[in-house]
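First the structure, in the form of structure tokens, and then the observations on it.
A short reminder: the numbers here are calculations on the coordinates, not readings from a lab. Keep in mind that what you see is a predicted model, and the values were worked out from it rather than measured. Positions of Cβ are generated from backbone atoms using ideal geometry, with glycine treated the same way; all protein chains shown enter the neighbour counts.
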């Protein structure tokens with residue numbers, strides 16, 4: 001009887017876990033739809049604005065903008081690590097941290113971190129890279145959040161505290177696959193002026209002002225796109241992990257139910273044997 005009670009208690013516990021995992025799966029799926037839609041829209045907008053910038057740069061040999069200017073010393077690098085806000089998403093965060101450690105090990109320059117996300121407050125310092133600043137990023141990053149990150153990174157680069165700024169995040173390839181990636185944010189690379197033939201265009205108010213506006217727009221789009229892409233990958237990884245967890249609980253409940261049935265059959269068989277033995281003893285007496 002004690003064994004039956006223990007199995008029933010465990011089945012109840014696994015059923016409660018199954019309810020939690022299914023709820024988390026549905027929440028992650030809802031967040032994924034929202035961020036994936038925003039990411040797709042922003043990526044298309046960023047591509048179009050980038051084409052406009054490349055058009056404006058045609059024929060300009062050395063554009064004068066602080067975000068396009070390369071630092072001669074190039075001795076300090078800032079890694080912008082975009083992690084998740086929480087765990088329970090498989091290897092999403094841990095794989096990204098290992099990728100950062102390998103990347104930093106191959107770079108002999110002075111380095112520091114800017115972290116976007118709440119995960120790993122006690123794990124990221126173990127990478128032995130000083131954290132300069134942390135940003136709280138929501139599960140569906142908006143333009144104003146990206147603007148705050150951009151303002152800080154822009155100040156780091158223009159003041160000379162960082163000679164290069166590199167984004168490190170999970171590249172979203174599909175719902176089932178995210179790959180760690182590093183992407184140079186500053187100095188910005190906007191393509192060669194020789195890639196497209198120069199056309200005679202009228203600029204209002206003037207070409208330099210337009211280039212400055214488009215560069216700032218491209219800079220903010222790059223940060224916002226990376227934040228959205230990272231969050232899309234996080235939600236998809238969590239949805240996949242919770243789907244696997246829910247399937248595992250279903251399988252475990254089936255196995256425990258089978259054990260319960262075997263235990264019940266054994267208990268019933270034992271009781272029948274005891275009754276039959278008692279009846280036979282009374283008959284002989």
Check: For residue 41 and residue 86 in one chain, what is 0.36 nm times their gap in residues minus the Cα-Cα distance, to one decimal in nm?
Finding: 13.7 nm
Next item on the list: Return the whole-Å distance between the Cα centroid of the range 1-80 and the Cα centroid of the range 231-285.
Entry: 41
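Taking 0.36 nm per residue of separation and subtracting the Cα-Cα distance, what length does fully extending residue 22 through residue 73 add? Please report the intermediate quantities before stating the final value.
On the way: separation 51, 0.36 × 51 = 18.36 nm, distance 5.27 nm.
Computed gain between residue 22 and residue 73 is 13.1 nm.
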Notebook entry, point to check: If you take the beta carbon distance between residue 280 and residue 258 as r and set R0 to 22 Å, what does 1/(1 + (r/R0)^6) give as a FRET efficiency, to the nearest 0.05?
Noted result: 0.10
Note to self: Compute a Gaussian network model of the chain, connecting alpha carbons closer than 10 Å, and tell me which residue from 11, 211, 268 fluctuates the most.
What the structure shows: 268
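Between rounded, prolate and oblate, where does the range 25-171 land on the alpha carbon gyration tensor, with a ≥ b ≥ c its root eigenvalues, rounded for a/c under 1.5, else prolate if a/b exceeds b/c? Intermediate results must be reported in sequence, preceding the final value.
Details: a/c = 2.19, a/b = 1.17, b/c = 1.87.
Oblate is the answer for the range 25-171, as a/c is 1.5 or above yet b/c matches or exceeds a/b.
Of all DSSP beta bridges located in the chain, what percent are antiparallel, nearest 5?
Counting DSSP beta bridges with both partners in the chain, the antiparallel share is about 35 percent.
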Check: Highest GNM mean-square fluctuation, the chain, Cα pairs closer than 10 Å: which of 260, 54, 100?
Finding: 260
Checklist line | Point-to-point label distance, residue 5-residue 122, nm (Cα→Cβ direction, 7 Å offset) | finding: 3.6
Checklist line | Angle between the chain longest axis and helix 143-158 axis [Cα atoms, degrees, rounded to 10] | finding: 50
Notebook entry, point to check: With axes computed from alpha carbons, what is the tilt in degrees of helix 92-105 against the longest principal axis of the chain, rounded to the nearest 10 within 0 to 90?
Noted result: 50
Next item on the list: For a quick protection proxy, order the peptides 216-229, 146-159 by their average other-Cβ count within 10 Å, most packed first.
Entry: 216-229, 146-159
Next item on the list: Within the range 1-36, find all residues whose amide N lies under 11 Å from a label point positioned 7 Å from the Cα of residue 251 along Cα-to-beta-carbon.
Entry: none
Item checked: Helix 2-57 vs. the chain, principal-axis angle (Cα, 0 to 90°, nearest 10) -> 10
Note to self: Between [x] 63; [y] 46; [z] 59, which entry matches percent of Cα pairs over 24 Å apart as derived from the coordinates of this structure?
What the structure shows: [x]
Check: Tell me, how many Å apart are the Cα centres for the range 81-100 and for the range 114-129?
Finding: 10
Notebook entry, point to check: Of 200, 12, 144, which has the largest mean-square fluctuation in a 10 Å C-alpha GNM of the chain?
Noted result: 200
